[in-house]
Amino acid sequence: MAEPMERLQILVTPEQRRRLTVIASQRGEPVTALIREAIDSRFPPKVNLEARRAAARFLLDRPKVPYLPPEELDALLDDRFDVPE
């Protein structure tokens, strides 16, 4: 379901209107879609900082997994599964 819309009236110069009309025509979109895109690009929605902090804590608090260089991992797997050369 689409988010509800509210009406907003703005005034633009004739040159701004011309540019919007040309770009909208090239994209096959209405001018209003360009304006909404520009607003979202310039003024993105606020990020939930607490959710981002919780995600960072989750990643940082995970148990550390030992790292094996690829050569050691290959040798370990070859020995474990008896891979023929």
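The values are calculated or read from the model by the stated rules, or taken from the named source; none is laboratory data. All values derive from a computational prediction rather than experimental measurement. Because the Cβ atoms are built from the backbone with ideal geometry, glycine has one as well, and the counts that use them run over all protein chains shown. Accessible surface areas use protein heavy atoms only, side chains included; no ligands, DNA or RNA. Shrake-Rupley method; radii C 1.70, N 1.55, O 1.52, S 1.80 Å.
Points to keep in mind about this one:
Conditions (1) of a type in the set (Lys, Arg); (2) farther than 30 Å from residue 11 by Cβ, marked per residue:
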position: 26; (1), (2): no, no
position: 42; (1), (2): yes, no
position: 52; (1), (2): yes, yes
position: 63; (1), (2): no, yes
position: 70; (1), (2): no, yes
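- For residue 74, the requirement of being outside any loop (DSSP other than H, G, I, E, B) and either under 29 Å from the mean Cα position of the chain (by Cα) or exposed (fewer than 10 other Cβ atoms within 10 Å of the Cβ) (or both) is not met.
- When residues of the stretch 37-71 are limited to those that are closer than 30 Å to residue 23 by Cα and not in a helix (DSSP H, G or I), the one most open to solvent (accessible area, probe 1.4 Å): 46
- Selection count where residues are of a type in the set (A, V, I, L, M), surrounded by 10 or more Cβ atoms within 10 Å (Cβ to Cβ) and not in a helix (DSSP H, G or I), scope the stretch 10-36: 1
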